[in-house]
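Only one structure is covered here, and it is reproduced in the block below.
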């Protein structure tokens, strides 16, 4: 094989071929059982390394799977047989410009590292996937990642002003820049955000930042019925814009309480954690409105705190729901979203799907923006149960589409969800997608099998 | 000609061919002297009309120039000889969903009409081009229009969650939808925003809305030097996020004062109008911070009001700057943007360009986001002066590019600026743009000559 040619083009140690090392780059957190074995892993240290790798792959028509931190949940970084896994984990510089309130970051930095670096200048990068301590900013851009703050602050694309991206043939282009307004030419920056490595490899991002977030007030409310909980969600979003509005069902509440012992109401059908970051006393004022909404719809318990640490503890409890529920068995992690008025239909529909397929499905949700994460519990040693779990996985996406929703709110399509994408988008949008893919990656070497 | 075939496919009266009527659709506000004469104008009443027109144009390879309200300033709706002008002015429905805080609008509604319709439900559509009373929401999406509030609230693309768009061959597709989070497939919605009618014709938009804007506090400050004014701009944006931060130079101040007689400081080199919409007393608090910044850098006059009507009067004065300066002569209207720290270099550079070319150039600016509108005054009857004005027009774009900026912040490239686009984007990004254009419009019938 011509691999020696690739090795010669890159810095010492950039190319891994040892089979043990390759093994650890075959899958992301989706643990795709159909993952292939790559020819090599390239750990790029620079844009030049990425460009050299893509030029090589282009010349030899070798598939390239771009990879950030490998924390993806849709199999967007699943390796393919005979391909190259191109990791950006070593590209980790950042420079912050407090005057234009922007940061220029390389893709390998973790989301949390970006947040910390800009916080040192009194600034804030809002998007906050639950995995923010372990996911990379490059992966966030590639999947248009969301998080808990999105209900008020939007998603990754809303913070990407520009980028450097390497195209399929190794050409390096710069798109956009540190300008809030720019109508010059097509919105190419936005096209690459969320393209999951199928159109190019992002080697640098120009991010828009906000001033530091004010201290948040926090409301925690328990409900005896799911319908009361969803009524409270619509009541809150109708009254104001919370900075966070998260939901956990009974399974998640009990799983978290088993681990953290923080006094959550184990008898509740649903729990909301809602926050306000309105300035000064307005945070308390908004929290009081949220308390009133919850009480009006018959919440069984409502708790309200101005203490940021206490509020953060409840937020962390919500973030901890996935690992807590994982104690019950292996998880298939869903990411469906619906327009807010259909949230109750989605949650009730998932309960029916669980019952019909005889599997436990715990629902947690970024409730304020209609993005739910049904967690399908199963035992991989039980083949019949695993098959039922996969059936439920598909039925939940079918339900989301039927409710006018999306099969993925923030994780991306990757390989795990691509079979459902045509049902959501329809043949004409799929054809449009294919035309753009073919125009930008005519040899089809970039992340083949992902999205399309 | 086969025009009878087009007429037969569309409702009675949809196709205009009378030469007087055609004349009024040849140009937009850019008044492009090279505008052609169209074969026909189609005033579509529905998506079906748009699709039928594009199918016809596709079959016969006839150019189609999509047109909103015709208020564009870059010649994006300049007619071409033998083509069809496809106007969406008659597509004017809107439905507002206060629960998901979204609106579904047809492209022909004016921006102001959208604002008023959502305001009836206590909601707010932020983007506010100065032309908001006469520009269409479809045109806003096609150019990724900005405005005065963008310094805090972003531009049109930040509010477009989905759309229906008719492709070059007449295929109708729906992209995105009323979901704040959606990572399913490529970000096609965002690609069509800002594409200036070169990739498809937008027939419906799903817009994200915010709760009604709180009352604003307003600060008006005059400065004896341009450097003091730019120092104040950077001081304000470094301290907080104003909801508006606008600049006028001496020419604009005097032109406005000539018309409105509101007591502006005629001796000032620059005037800032800044606003805060922070909740409750925080608006006053932020206004006081802005006052302090202005005083610290030596403002000659600083005025502060909590009265919304008085604040609106100063905002209206700023919006009135373009018609006021137009009393001095015909205008070439620029729209260049630079990263905020280069704003002073931009303003000083424009003064040099004016002096060198012996033309008056008045600078007004959405100062808080670095987007300036140099207004080049000239007398069209004076050929030599007109030529110098056009030279200055180009030199201002060259300067913006040299300062790391953009040739258009919010008006779009259209026909007037396309000669400069390659200088800003470079050959590789132009080639990338061409590949996408060719993939989506292989016969090149959509707004030919615009952008590319």
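Can you tell me how many residues within segment A:421-452 are in contact with a strand residue (DSSP E or B) (Cβ under 7 Å, 6 or more places away or on another chain) and closer than 23 Å to residue A:55 by Cβ? Before you say what the answer is, go through the steps one by one.
First, pick out the residues of segment A:421-452 that are in contact with a strand residue (DSSP E or B) (Cβ under 7 Å, 6 or more places away or on another chain): A:424, A:428-429, A:432, A:445-447.
When the remaining residues are screened for being closer than 23 Å to residue A:55 by Cβ, the result is A:445-447.
Number satisfying all stated conditions: 3.
Within segment B:272-293, can one find any residue that is farther than 30 Å from residue B:211 by Cα, touching a strand residue (DSSP E or B) at 6+ places or on another chain (Cβ under 8 Å) and either buried (at least 18 other Cβ atoms within 10 Å of the Cβ) or touching a residue at least 12 places away in the same chain (Cβ under 8 Å) (or both)?
Scanning segment B:272-293 turns up no residue that is farther than 30 Å from residue B:211 by Cα, touching a strand residue (DSSP E or B) at 6+ places or on another chain (Cβ under 8 Å) and either buried (at least 18 other Cβ atoms within 10 Å of the Cβ) or touching a residue at least 12 places away in the same chain (Cβ under 8 Å) (or both).
Would a scan of segment B:392-405 turn up a residue that is modelled with pLDDT of 95 or more, more than 8 Å from chain A (Cβ to nearest Cβ), out of contact with any helix residue (DSSP H, G or I) (no Cβ under 7 Å at 6 or more places or on another chain) and assigned to a loop (DSSP other than H, G, I, E, B)?
Taking every residue of segment B:392-405 in turn, none turns out to be modelled with pLDDT of 95 or more, more than 8 Å from chain A (Cβ to nearest Cβ), out of contact with any helix residue (DSSP H, G or I) (no Cβ under 7 Å at 6 or more places or on another chain) and assigned to a loop (DSSP other than H, G, I, E, B).
So, residue A:11, is that one surrounded by fewer than 23 Cβ atoms within 10 Å (Cβ to Cβ), over 18 Å from residue A:164 (Cβ atoms) and touching a residue at least 60 places away in the same chain (Cβ under 8 Å) or not?
Values: surrounded by fewer than 23 Cβ atoms within 10 Å (Cβ to Cβ): yes; over 18 Å from residue A:164 (Cβ atoms): yes; touching a residue at least 60 places away in the same chain (Cβ under 8 Å): no.
Judged against the criteria, residue A:11 is not a match.
Can you confirm whether residue A:445 is touching a residue at least 40 places away in the same chain (Cβ under 8 Å) and surrounded by fewer than 23 Cβ atoms within 10 Å (Cβ to Cβ)? Spell out the reasoning first.
On the way: touching a residue at least 40 places away in the same chain (Cβ under 8 Å): yes; surrounded by fewer than 23 Cβ atoms within 10 Å (Cβ to Cβ): yes.
In short, yes.
Testing residue A:237 on (1) within 14 Å of chain B (Cβ to nearest Cβ); (2) surrounded by fewer than 21 Cβ atoms within 10 Å (Cβ to Cβ), one condition comes back false. Which one is that?
Of (1) within 14 Å of chain B (Cβ to nearest Cβ); (2) surrounded by fewer than 21 Cβ atoms within 10 Å (Cβ to Cβ), only one is false for residue A:237: (2).
Looking at (1) in a loop (DSSP other than H, G, I, E, B); (2) assigned by TED's automatic domain parsing to the domain that holds residue B:164; (3) surrounded by fewer than 18 Cβ atoms within 10 Å (Cβ to Cβ), can you tell me which one residue B:100 breaks?
It is condition (3) that residue B:100 fails.
Would a scan of segment B:131-147 turn up a residue that is surrounded by fewer than 21 Cβ atoms within 10 Å (Cβ to Cβ), under 25 Å from residue B:416 (Cβ atoms), modelled with pLDDT of 95 or more and away from every other protein chain (no Cβ under 12 Å)? Working first, answer last.
Initial filter on segment B:131-147 (surrounded by fewer than 21 Cβ atoms within 10 Å (Cβ to Cβ)): B:133-134.
In the following step, the residues that additionally are under 25 Å from residue B:416 (Cβ atoms) were identified as B:133-134.
Those left that are additionally modelled with pLDDT of 95 or more: B:133-134.
In the following step, the residues that additionally are away from every other protein chain (no Cβ under 12 Å) were identified as B:133-134.
Yes; the residues of segment B:131-147 include at least one that is surrounded by fewer than 21 Cβ atoms within 10 Å (Cβ to Cβ), under 25 Å from residue B:416 (Cβ atoms), modelled with pLDDT of 95 or more and away from every other protein chain (no Cβ under 12 Å).
What is the one condition in (1) under 27 Å from residue A:209 (Cβ atoms); (2) away from every other protein chain (no Cβ under 12 Å) that residue A:63 does not satisfy?
So residue A:63 meets the others, but not (1).
Applying the selection to segment B:141-167, what residues are in contact (Cβ under 8 Å) with a residue 40 or more places away in the chain and part of a helix (DSSP H, G or I)? Spell out how you get there, then give the answer.
The initial filter retains those residues of segment B:141-167 that are in contact (Cβ under 8 Å) with a residue 40 or more places away in the chain, namely B:141-153, B:155, B:158-164, B:166-167.
Residues satisfying the conditions are B:141, B:142, B:143, B:150, B:151, B:152, B:153, B:158, B:159.
Among the residues of segment A:391-416, write down those that are over 20 Å from residue A:130 (Cα atoms) and in contact with a strand residue (DSSP E or B) (Cβ under 7 Å, 6 or more places away or on another chain).
Matches in segment A:391-416: A:392, A:393, A:396, A:400, A:405.
If you scan segment B:168-186, which residues turn out to be in a loop (DSSP other than H, G, I, E, B) and more than 7 Å from chain A (Cβ to nearest Cβ)? Show your work before the answer.
Start the filter on segment B:168-186 by keeping residues that are in a loop (DSSP other than H, G, I, E, B), which leaves B:168-171, B:177-186.
Those that are in a loop (DSSP other than H, G, I, E, B) and more than 7 Å from chain A (Cβ to nearest Cβ): B:168, B:169, B:170.
If you check residue A:408 against the conditions, is it part of a strand (DSSP E or B), buried (at least 23 other Cβ atoms within 10 Å of the Cβ) and within 11 Å of another protein chain (Cβ to nearest Cβ)?
The answer is no for residue A:408.
Answer with yes or no whether residue B:338 is in contact with a strand residue (DSSP E or B) (Cβ under 8 Å, 6 or more places away or on another chain), more than 9 Å from every other protein chain (Cβ to nearest Cβ) and buried (at least 21 other Cβ atoms within 10 Å of the Cβ). Show your work before the answer.
Working: in contact with a strand residue (DSSP E or B) (Cβ under 8 Å, 6 or more places away or on another chain): yes; more than 9 Å from every other protein chain (Cβ to nearest Cβ): no; buried (at least 21 other Cβ atoms within 10 Å of the Cβ): yes.
It is false that residue B:338 is in contact with a strand residue (DSSP E or B) (Cβ under 8 Å, 6 or more places away or on another chain), more than 9 Å from every other protein chain (Cβ to nearest Cβ) and buried (at least 21 other Cβ atoms within 10 Å of the Cβ).
Mind listing whichever residues of segment A:430-452 are part of a helix (DSSP H, G or I) and either within 16 Å of residue A:197 (Cβ to Cβ) or more than 23 Å from the chain's Cα centre (by Cα) (or both)?
We begin by selecting, within segment A:430-452, every residue part of a helix (DSSP H, G or I); these are A:430-440.
Residues satisfying the conditions are A:431, A:432, A:433, A:434, A:435, A:436, A:437, A:438, A:439, A:440.
When only residues in segment A:111-129 that are in contact (Cβ under 8 Å) with a residue 40 or more places away in the chain and surrounded by 23 or more Cβ atoms within 10 Å (Cβ to Cβ) count, which is farthest from residue A:316 (Cα to Cα)? Talk me through it step by step, then tell me what you get.
Applying the first criterion (in contact (Cβ under 8 Å) with a residue 40 or more places away in the chain) to segment A:111-129 yields A:114, A:118-119, A:122-126, A:129.
The next check asks that each one be surrounded by 23 or more Cβ atoms within 10 Å (Cβ to Cβ); those that pass are A:114, A:118, A:125, A:129.
Details: A:114: 19, A:118: 21, A:125: 18, A:129: 12 Å.
Among those residues, the one meeting the criterion is A:118.
Does residue A:226 satisfy the condition of being surrounded by fewer than 24 Cβ atoms within 10 Å (Cβ to Cβ), closer than 30 Å to residue A:304 by Cβ and away from chain B (no Cβ under 14 Å)?
Yes.
Among the numbered criteria (1) free of Cβ contacts under 8 Å to residues at least 60 places away in the same chain; (2) within 17 Å of residue B:149 (Cβ to Cβ); (3) touching a helix residue (DSSP H, G or I) at 6+ places or on another chain (Cβ under 8 Å), which one does residue B:316 miss?
Every condition holds for residue B:316 apart from (3).
Given the conditions (1) part of a helix (DSSP H, G or I); (2) in contact with a strand residue (DSSP E or B) (Cβ under 6 Å, 6 or more places away or on another chain); (3) over 26 Å from residue A:234 (Cβ atoms), report the number of the one that residue A:377 does not fulfil.
Single failed check for residue A:377: (1).
Here's a check for you: in segment B:130-140, which residue that is in contact (Cβ under 8 Å) with a residue 40 or more places away in the chain and in a loop (DSSP other than H, G, I, E, B) is farthest from residue B:76 (Cα to Cα)?
Restricting to residues being in contact (Cβ under 8 Å) with a residue 40 or more places away in the chain and in a loop (DSSP other than H, G, I, E, B), the top hit is B:130.
Which is farther than 14 Å from residue B:447 by Cβ, buried (at least 24 other Cβ atoms within 10 Å of the Cβ) and in contact with a helix residue (DSSP H, G or I) (Cβ under 9 Å, 6 or more places away or on another chain), of B:44, B:52, B:79?
Details: B:52 fails: buried (at least 24 other Cβ atoms within 10 Å of the Cβ); B:79 fails: farther than 14 Å from residue B:447 by Cβ.
The conditions single out B:44.
Residues of segment B:41-97 being assigned to a strand (DSSP E or B) and either farther than 25 Å from residue B:412 by Cα or modelled with pLDDT under 95 (or both), which ones? First the steps, then the outcome.
The initial filter retains those residues of segment B:41-97 that are assigned to a strand (DSSP E or B), namely B:41-43, B:64-67, B:84-87, B:94-97.
Across segment B:41-97, the qualifying residues are B:94, B:95, B:96, B:97.
Please find, among A:198, A:206, A:189, the residue that is within 11 Å of another protein chain (Cβ to nearest Cβ), in a loop (DSSP other than H, G, I, E, B) and either surrounded by fewer than 23 Cβ atoms within 10 Å (Cβ to Cβ) or at pLDDT 95 or above (or both). Quick ask: steps written out before the conclusion?
Numbers: A:206 fails: in a loop (DSSP other than H, G, I, E, B); A:189 fails: in a loop (DSSP other than H, G, I, E, B).
When all the criteria are applied, what remains is A:198.
If you go through segment B:412-434 one residue at a time, how many are closer than 21 Å to residue B:64 by Cβ and within 7 Å of another protein chain (Cβ to nearest Cβ)?
Of the residues in that region, 3 qualify.
The values are calculated or read from the model by the stated rules, or taken from the named source; none is laboratory data. Since the structure is predicted, the reported quantities are computational estimates derived from the model, not experimental observations. Please note: Cβ atoms are built from the backbone with ideal geometry, for glycine as well, and neighbour counts cover all protein chains shown.
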